[in-house]
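Here is the structure we will look at.
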Amino acid sequence: MDSPQNIKKRVKSVNNINKITKAMEMVAATKMRKSQEIALASRPYAFAALDFLATVSSLDQKLPELFEVREVKKVLFVLVSSDKGLAGAFNSSVFRKFEKHEKEYPASAKGSGAAREEKFYIAVGEKSCNYLEKKGLNIVQKFNAVGDYTTPEQVHPITDFIVKGFIEKKWDRVIVVSTHFRSALKQEPHVRRILPIDFDHIKETVQQIIPERGKFAELIKEHQITFVPDRMRLKQFLIEPSSEKVLQQLGEHLFFIQFYHLILEANASEHSARRMAMKTASDNASDLGEKLNLQYNKSRQSKITTEISEISAGAEALN
Amino acid sequence: MEISVYSLKNVLFQGEASLLNCKTVTGEITILDNHDSLITVLSAGVIKIVDENKKDNYFPVKSGFLEVKPGNEVRCIVEQ
């Protein structure tokens, strides 16, 4: 058995770890709540924009480039992860999902007789950058510091870059792997196609902003939008400068909103994953602390017993 | 008329109002009660809304969209 002094030292350090992880848990919990609130605050806006698109897109006319489905030769993958670690399985689950998708995808492409596609990658977050670099993949661009809470200003460079590449035909399809925030305890990595723009995909993303359970879950029934615009009424609409221009701008805008929401969701997931990880860590630390404490007491007791027996043996010898 | 102005961060204005003035890509416009249905793109400028208490509200915007719906309903989505 270790000496009591050594055990005491270990007890101390375990207790310190416990304090630190507990503090980090608290921080992550508040951050999670805040990032959820931010995501929710932008919902009325997103719904209005969607409704808007429903109105405009029902007009008979050519869809702008961002909606165009081309033959897929080049695919861009965007991996959304965190900048910092200590978030449990948050990042690795994204990477695992991505690997799984990679494995399954060639099979489905062969079925349609398509040639092998060229692949490009964008890393959002330090961790995904490290991961892609380690795999030796073709990173076109990396973006950092979208962690904690994103602002629209932080997301703009990313979306601008993706849209530009799409219009210049650097890629024909954009796929995002990011985490979907189902509830504070459950996050799932999802693979989503974000370009070319698809109405249903955007709607899905916007609807998923509300977690299934928890404080904000009851908001889910609040918004019901219909996507069946009244054609008769539409004819009366005056559109300035032209429906084509409006649709193009709106398309870009919706793409931005969708991406913004994806990142907000990833933020919320990151914080709640970190909270869970820290909670387990502090639980483990307090368990360990208890065990060490017991061990310390035992070793102290055995030392005292030895001392007493030594003393009494000495007293006996004197008699 | 019923006006709602949404931005990504919050709802800027919601409620009854008598006048809305803003800059669009084709020029400055003012919308009063019973305006014709309209969809347009906003350019950088200030949106001015006079609400039912005759109070002026100003919102600076970078870009956005404006929709006047039949039924005296106006909706803006803006970026600040």
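Readers should treat all values here as calculations from the given coordinates under stated rules, not as data from a laboratory. Quantities reported herein were computed from a predicted structural model and do not represent experimental measurements. Please note: Cβ atoms are built from the backbone with ideal geometry, for glycine as well, and neighbour counts cover all protein chains shown.
For the residues of B:5-18, the average number of beta carbons from a partner chain within 10 Å of their own beta carbon is 3. As a proxy for reagent exposure, ranking A:ILE308, B:ILE29, B:ILE77 by other Cβ atoms within 10 Å from fewest up yields A:ILE308, B:ILE29, B:ILE77.
Sorted by average packing, counted as other Cβ atoms within 10 angstrom per residue and highest first, what order do A:8-20, A:179-191, A:276-288 take? Can you show the working numbers first?
Numbers: A:8-20: 15.0, A:179-191: 19.0, A:276-288: 17.3.
Ranked by mean Cβ neighbours within 10 Å, highest first: A:179-191, A:276-288, A:8-20.
Here A:LYS186 is the anchor, and the aspartates and glutamates within straight C-alpha reach of less than 17 Å, apart from those fewer than 8 places off in the same chain, are A:GLU25, A:GLU212, A:GLU265, A:GLU270. When A:ASP172, A:ASP2 are arranged by Cβ crowding within 10 Å, least crowded first, meaning fewest neighbours, the order is A:ASP2, A:ASP172. Peptide B:34-44 is shielded by partner chain Cβ atoms: per residue, an average of 4 of them sit within 10 Å of its Cβ. Rounded to 0.05, the FRET efficiency of the A:LEU238 and A:ASP83 pair, given R0 = 41 Å and the Cβ-Cβ distance, is 0.30. The magnitude of the dipole of the protein assembly as shown, with charges of +1 and -1 set on the Cβ of Lys/Arg and Asp/Glu and taken from the Cα centre, is near 1580 debye.
Largest first, the three principal axis extents of the alpha carbons in chain B are 25, 23, 18 Å in whole numbers.
Among the listed pairs A:LYS84/A:LYS164; A:LYS84/A:LYS119; A:LYS31/B:LYS9; A:LYS19/A:LYS291; A:LYS73/A:LYS164; A:LYS31/A:LYS291, which are separated by more than 22 Å between their Cα atoms? Working shown, then result.
Details: A:LYS84/A:LYS164 29 Å; A:LYS84/A:LYS119 26 Å; A:LYS31/B:LYS9 17 Å; A:LYS19/A:LYS291 17 Å; A:LYS73/A:LYS164 17 Å; A:LYS31/A:LYS291 32 Å.
Long pairs (Cα-Cα over 22 Å): A:LYS84/A:LYS164; A:LYS84/A:LYS119; A:LYS31/A:LYS291.
Per-residue mean of foreign Cβ neighbours for B:73-79 is 3 (Cβ atoms of other chains, 10 Å radius). When you work out D = kT/(6 pi eta Rh) for the protein assembly as shown at 4 °C and 1.567 mPa s, using the Kirkwood radius from C-alpha pairs as Rh and the Stokes-Einstein form, the result is 53 µm²/s.
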